[in-house]
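**Student:** This is the structure, below, for whatever I ask next.
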Amino acid sequence: MNYTADRPMETKTEKEIAPSERKASKREVVLDVKDLSIFYGNKEAVKSANMGIEKNAVTALIGPSGCGKSTFIRSINRMNDLIPSSRAEGEIIYEGINILRDDINVVALRSEIGMVFQKPNPFPKSIYNNITHALKYNGQKNKKVLDQIVEESLRKAALWDEVKDRLHQSAMSLSGGQQQRLCIARTLAMEPQILLLDEPASALDPVSNSKIEELILQLKEDYSIVIVTHNMSQASRVSDKTAFFLNGDIVEYDDTKKIFTNPSEARTEEYISGRFG
Amino acid sequence: MAKASVTPSAEERLILTKKNRRWDEVRGRSLVTICAIIMIVATIAVTIFLAQKGLQSFTVNNINPIAYLTSTNWNPVGENASFGIFPFIFGSLAVTFLSALIAAPLGIGAAIFMSEIAPKFGKKFLQPVIELLVGIPSVVYGFIGLVVLVPLVRDNLPGIGFSLFAGVIVLTVMILPTVTTIATDAMRSLPNSLRQGSLALGATRWQTIRKVLIPAALPSLLTAIVLGMARAFGEALAVQMVIGNTRDLPGSIFDTSATLTTIVTLNIGHTTYGSIENNTLWSMGLILLIISFVFIFIVRYLSGRRKI
Amino acid sequence: MNSRITDRIATGVFYTIAAIMVALLLYLFYFILSNGLPQVTWDFLTSPSSSYQAGGGIRDQLFNSLYILVITMIITVPLGVCGGIYMAEYAKPGKITNFIRTCIEMLASLPSIVVGLFGLLIFVNITGWGYTIIGGALALTIFNIPVMVRVTEDAIRSVPKEQKEASLALGITRWHTIKTVLLPYAFPGILTGAILASGRVFGEAAALLYTAGLSTPTLDYGNWNPFAENSPLNIFRPAETLAVHIWSVNTQGLIPDVREVANGASAVLVIAVLLFNILARWLGSVIHKKLTAGK
C-alpha cells in the first residue's frame, strides 16, 4: 500500500465499503460490484454479478466468448452507455459512490477509470498529439507541462525509447504492438485510478504480446488493473485475482493461483483445462 | 503530481453538478438539436403554407373541388372562366407512368448487368457514366429534347413534334439513371448464397436472375421505380420545353399536352398574386406536394416489406 | 438446351442495355460539347447577355450561378452537417427520430418546382423582398439540406467505432469527440458529398425561376459594396442563373441567336457539373490516401 496523500478520500472509502465481497486478501477494494445485471434489450448479458476488485492488483476476467466479461468490463467506465438498448441494474461502488447512478458525470468518471481496447486505436495524428488530445481538452495548454507528461506516459508505457526521436510522426506508422502501448500511454496520461484492458494483446504478435504483459506487471505498482483475456496462460502470468465468467454468471472468483491450481468449481476446471470454450 | 492543492472529494468529482459539467457538450448538443428541429420546421412550414395557399381557390374563390379535379375545361380568363385541371392531371400521370414503363426494364436491366453480368466493368465504367447522367441539369435535357427530339418526332412521326411522346422520352432518359442506381444497390445487396444456391442446382444465370434474384429484390426494385416516377412526376422544365403545353386532353400520344408542373411553371409568374387563376395554380402546387408525399409513403411501405 | 439459348439471349439483352446507357451518355456529351464549345469564347463568358439582339454573352448569369451556389452552401453546409451529426450521434431510436427521418425524406423528394413555389410564397411575397438572390439561395437550401444531412450522417457513421470509443474512454465529451475525432475522419466523405451537391445546385432552375427571378439588373463589377443597388454582391437583387437563362431564352425566345446562346450556356453548365464531379472524386481519394497513409 504505497499511495500518498494526494487522494485523501481513499482511506475513508475503505472504511465505508462493506467487506462482504472481499476474499481473504489484505488488499483494499477499489471497485465493489454488487448484484450487477446488464441487459441488452431482454437479453441478460451479465447476471447479478458480485465482485470486489482490489487496489494495485491485476484482476483477470476469463471465459468463453459471449460469456459477459467484455460487457462487464465496459460497464465499469460506462462505455455500455453507447449501446442504446443496454441497461444496468445493481451497483458498482467506486470511492463510496455507485457509478451506475444516472447523475454520474460520465466524462469525469472515464478520466479516472481508463480503458484500452482490443484493437489498437490510435488517432490518425502524431504520437505526441495522441497523448495530448485529452490533456488539451482538459485545459492543459502549457507546452512544458505537456512535453513532460508525454515523456512520462511514454516511459511508463515502455515506449519512450522507441519513439522519442519521432514524436511528431503519425501514430499510424507504428507497429501494432507499439500502437497498443501508445494507447496505454495515452490513457496513463490522464492519471487514472483504474485501468481497464479489454483483451489488449489478442490482436498482437507474440513478441508484442509479452511486452504488454511485462508492462502490465510494472503498471500494477501504481494502478488497479482489470484485464479481459482469452489467453489462459496470460491470465495466470499477469493476474493476482481471476474471475471465470460463463453465460453471464461469475462461476468463480478467487486468487489466480487457486483458480489455476485448485478451482472449487468443476466448470472452472473444465474451462481452464481446455475442455470447452 | 497533484492536480490541485485541495483534491475535490469523489462526490464533487463524480456526481454531475453545474460546477463539473462540461458545458461544451451541452452547447454542442443544443446546436445540433436545433438543426434537427429546423428540418422539422421546414417540412411543416412547406406543408402548411402550401396547403393554406393551395386551398384558397376552394375556400376564398368557392371553386368546386370536384369540378376542379374532374372537369376537362381549363379556361381561366374572361367572363365564363372555367377551372378544370383534369387534362393536366392526366398529362402528369401519363408521362409519369409511360416513362416509368420504359425506364423500369432498362434501368433494372442495367442494374442486373452491373451486379450480375459484368460487375467489374459495371463498377469501373458504367457506374461513373450513370452518375454523370444523374448530374446533367434538367434544363439541358429539356434543351436537347427541344432541339433534337422534337424535330425528329416532327419529321418521322405524326403530329407537330411537341407531344406527350417527346415528354415521355425526355423523362425516360432523366429517370433512367435514378432507377438504375437504386436498382443496382438493391441487386448488389442480395446475399451471394442466393446466387450460389441456385447455380449449384444447375440453373443458368438467366434462370437464377429471373426466378431467384429478381423476386428476392422485388420490393427494392419497386422502390427504384417509384422513386423514378416521383422524379418524373415532379419534373417541370424539361417536360415543359417539349410537351407543347396545350389545355386540351391529348387524343393520341403524338398530340401536344400539358402537365401540372408545366402549367404552374408557365403561368404562376404571369398571373396576379391573389387572383382566381393564380389561386388555382397554387392548388396545383398543393396537389404536386400531396402526390410527392404519397410517393414517399409508398416507398416507406415498400421498405417495410423489404425487412420481412 | 433451350435454357442455354435463353440464357445467351438474356445476356445479349443485358449487354445491349448497358451499351444503350453508354451510347446515351456519349451522345449527350458529344452533342452538348460539339455544339456548345465553339460558342464558348472569352467574349461569350465575359459579355453581358442581350435582350433582343444577337451576340449576347453569359457573364452575369455565370456570376449569379456561382454566387447563389456559394450563398446556398454557406447556409446549407453548417445546417446540414449539424443535422447529420444529430442523426448519427444524438438521435435515439424512437418516434421522434423516425419523424425527423420522414421529414428529411419528404424534403428530399419535394419536386423542385414545389420548392420554388414555397420560395415564391415565403421569400418573395410574404417577406416582400421580391425576386432576390437570398430568396433563391434559401429555396435551394430547402432541397439541399436533406442531401447534406444524409452525406454527413453516412460519413460519420462510417468512422470506425474504435476511434470514437478511444476518445470517449479518455474522458472526452461526445461533442468534443465529434469535433476532434469524428469530423476530421468524416471530412473527405462530407467534402465529396458537398461538391456533388454543389453540382446539383449549380444546375437547378425550376426552384429559382420564381425566387431569384428571370432577370438581372445592370451590374457594375467595380462596385463591391454589397449594399449598393448595382453591386454584384447585393443579395437583395434579382439574379438569373445560367440554368434559368437556358430555359428562358428557349421559352421566351426574344433573341435571334437562341440556339447559339443555349448551346454555349449548356456546354458551360455541363462542363461545370463535370468539373464538380471530377473534383469530388479526386479530392475524396487524395484526402483518403493522406488520412490512411502509413498504415
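The values are calculated or read from the model by the stated rules, or taken from the named source; none is laboratory data. From a predicted model like this one, the values you see are computed outputs, not experimental measurements. All Cβ positions, glycine included, derive from the backbone under ideal geometry; neighbour counts span all protein chains shown. Note: areas computed on protein heavy atoms with side chains; ligands, DNA, RNA excluded. Shrake-Rupley method; radii C 1.70, N 1.55, O 1.52, S 1.80 Å.
**Student:** Using DSSP to define loop residues, name the GluC sites (Glu not before Pro) in region C:216-295 whose beta-carbon has at most 13 other beta-carbon atoms within 10 Å. Can you show the working numbers first?
**Tutor:** On the way: sites: C:Glu229, C:Glu240, C:Glu260; in loops: C:Glu229, C:Glu240.
Passing sites in region C:216-295 are C:Glu229.
**Student:** Then there's this: If the limit is 21 Å between Cα atoms, which of A:Lys43/A:Lys257; A:Lys125/A:Lys164; A:Lys55/A:Lys241; A:Lys241/C:Lys161; A:Lys69/A:Lys241; A:Lys164/C:Lys179 go over it?
**Tutor:** On the way: A:Lys43/A:Lys257 33 Å; A:Lys125/A:Lys164 16 Å; A:Lys55/A:Lys241 11 Å; A:Lys241/C:Lys161 31 Å; A:Lys69/A:Lys241 14 Å; A:Lys164/C:Lys179 28 Å.
A:Lys43/A:Lys257; A:Lys241/C:Lys161; A:Lys164/C:Lys179, as the Cα separations exceed 21 Å there.
**Student:** Kindly point out, ordered by number, any Cys in the protein assembly as shown whose beta-carbon has no other cysteine beta-carbon under 4.7 Å away.
**Tutor:** Isolated Cys, the protein assembly as shown: A:Cys67, A:Cys183, C:Cys103.
**Student:** How many partner chain Cβ atoms sit within 10 Å of a residue's Cβ in peptide C:27-35, on average, as a whole number? Could you put the intermediate results ahead of the total?
**Tutor:** Numbers: counts 2, 8, 4, 0, 5, 4, 0, 0, 3.
Across C:27-35, the average partner-chain Cβ count within 10 Å equals 3.
**Student:** Buried accessible area between B and C (1.4 Å probe, both chains summed, ligands and nucleic acids excluded), in Å² to the nearest 100? Numbers along the way, then the final one.
**Tutor:** Values: alone 17880 and 16570 Å², together 27540 Å².
Looking at B and C, the buried total is near 6900 Å².
**Student:** If the cut-off is 16 Å between C-alpha atoms, which aspartates and glutamates fall inside it for C:Lys95, apart from same-chain ones fewer than 8 positions away?
**Tutor:** Output for C:Lys95: C:Glu105.
**Student:** Run the accessible area of region B:88-269 with a 1.4 Å probe and give the carbon-and-sulfur part as a rounded percent.
**Tutor:** Details: 4340 of 6480 Å².
The computed percentage sits at 67.
**Student:** Round to the nearest 0.05 the FRET efficiency obtained for A:Leu82 and C:Ile271 when R0 = 45 Å and r is the Cβ-Cβ distance.
**Tutor:** Between A:Leu82 and C:Ile271 the formula returns 0.45.
**Student:** Sticking with this structure for a sec: How big a patch of accessible area, both sides summed and in Å² to the nearest 100, lies buried between B and A at a 1.4 Å probe? Before the final figure, lay out the partial values.
**Tutor:** Values: alone 17880 and 13130 Å², together 29330 Å².
Accessible area lost upon association: around 1700 Å².
**Student:** Oh, and also: Hey, rough spin-label estimate for A:Ser48 and B:Glu11, points 7 angstrom out along Cα→Cβ, what's it come to in nanometres?
**Tutor:** It is 3.2 nm.
**Student:** Another question about this same structure. So, by mean Cβ neighbours within 10 angstrom, what's the order for C:23-35, A:53-65, C:151-163 with the highest one leading?
**Tutor:** Working: C:23-35: 15.6, A:53-65: 21.8, C:151-163: 17.9.
By packing density, highest mean first, the sequence is A:53-65, C:151-163, C:23-35.
**Student:** In addition: Other chains near A:97-109: what is the mean number of their Cβ atoms within 10 Å of each residue's Cβ?
**Tutor:** Details: counts 6, 1, 3, 0, 3, 1, 4, 3, 11, 7, 12, 11, 5.
Mean partner shielding for this stretch: 5.
**Student:** At 7 Å along the Cα-to-beta-carbon direction for both B:Trp23 and B:Gln127, put a label point, then send me their distance in nm to one decimal.
**Tutor:** Each label point is offset 7 Å from its Cα along the Cβ direction, giving 4.8 nm.
**Student:** Still on this structure, please answer the following. What whole-number value in Å² describes the accessible area per residue of the protein assembly as shown for a 1.4 Å probe? Present the calculation step by step, with values, prior to reporting the outcome.
**Tutor:** Details: 37100 Å² over 880 residues.
Here the residues of the protein assembly as shown average 42 Å² of exposed surface.
**Student:** Still on this model: Rounded to whole Å and sorted largest first, list the principal axis extents of the Cα atoms in region A:184-264.
**Tutor:** 39, 28, 24
**Student:** Residues of region B:205-251 losing 50 Å² or more of accessible surface, assembly versus chain alone, probe 1.4 Å, please list them.
**Tutor:** At a threshold of 50 Å² (probe 1.4 Å), the residues of region B:205-251 that become less exposed are B:Trp206, B:Leu237.
**Student:** In units of 2.2 N^0.38 Å, what is the alpha-carbon radius of gyration of the protein assembly as shown?
**Tutor:** Numbers: Rg = 33.4 Å, N = 880, 2.2 N^0.38 = 28.9 Å.
In units of the 2.2 N^0.38 Å rule of thumb, it is 1.15.
**Student:** Per residue of C:241-247, what is the mean number of Cβ atoms on other protein chains within 10 angstrom of that residue's Cβ? Intermediate values should be presented prior to the final figure.
**Tutor:** Numbers: counts 1, 2, 5, 2, 1, 7, 11.
Across the residues of C:241-247, the mean count of other-chain Cβ atoms within 10 Å is 4.
**Student:** Each label point is 7 Å from the Cα along the Cα-to-Cβ direction; what then is the distance between the points at B:Lys120 and A:Phe39, in nm?
**Tutor:** A separation of 5.3 nm, rounded to one decimal place.
**Student:** Sort A:Lys43, A:Lys220, B:Lys124 by heavy-atom solvent-accessible area, probe 1.4 angstrom, most to least. Spell out each step's value before the answer.
**Tutor:** Working: A:Lys43 125, A:Lys220 45, B:Lys124 170 Å².
The residues order as B:Lys124, A:Lys43, A:Lys220, largest area first.
**Student:** How high is the FRET efficiency between C:Phe236 and A:Glu269 when r is their beta carbon distance and R₀ equals 60 Å, given to the nearest 0.05? The partial results should precede the final answer.
**Tutor:** On the way: r = 83 Å, r/R0 = 1.38.
Once rounded, the FRET efficiency stands at 0.15.
**Student:** Among B:173-184, A:154-165, how do they line up from the highest to the lowest mean number of other beta-carbon atoms within 10 Å?
**Tutor:** Working: B:173-184: 25.2, A:154-165: 17.5.
Output ranking for B:173-184, A:154-165: B:173-184, A:154-165.
**Student:** Another question, if that's okay. For region C:104-162, what does the equivalent ellipsoid look like in terms of its semi-axes, each the square root of 5 times an eigenvalue of the Cα gyration tensor, given largest first in whole Å?
**Tutor:** Working: eigenvalues 192, 26, 9 Å².
Value: 31, 11, 7 Å, ordered largest first.
**Student:** How high is the FRET efficiency from C:Leu45 to A:Arg166, r the C-beta distance, R0 60 Å, rounded to 0.05? Working shown, then result.
**Tutor:** On the way: r = 51 Å, r/R0 = 0.84.
Efficiency computed from Cβ-Cβ geometry: 0.75.
**Student:** Using all alpha carbons of region A:9-272, what is the percent of pairwise distances in each 10 Å bin, ordered from the shortest bin to the longest?
**Tutor:** 7, 30, 35, 22, 6, 0
**Student:** A follow-up question, please. Starting with the highest mean, order C:38-46, C:241-249, B:192-200 by the number of other Cβ atoms within 10 Å, averaged over the residues of each peptide. List each step's numbers first, then the result.
**Tutor:** Numbers: C:38-46: 14.2, C:241-249: 26.7, B:192-200: 12.7.
Averaged packing, sorted descending, gives the order C:241-249, C:38-46, B:192-200.
**Student:** Can I ask one more? Using a Gaussian network for chain C with springs between C-alpha atoms less than 10 Å apart, which of these wobbles most: C:Ile278, C:Ile75, C:Ile126?
**Tutor:** The residue that fluctuates most here is C:Ile126.
**Student:** Here's another thing I want to ask about it. Beyond 16 Å, what percent of the Cα pairs of region B:1-119 remain?
**Tutor:** Details: 5712 of 7021 pairs.
Roughly 81 percent, once rounded to a whole number.
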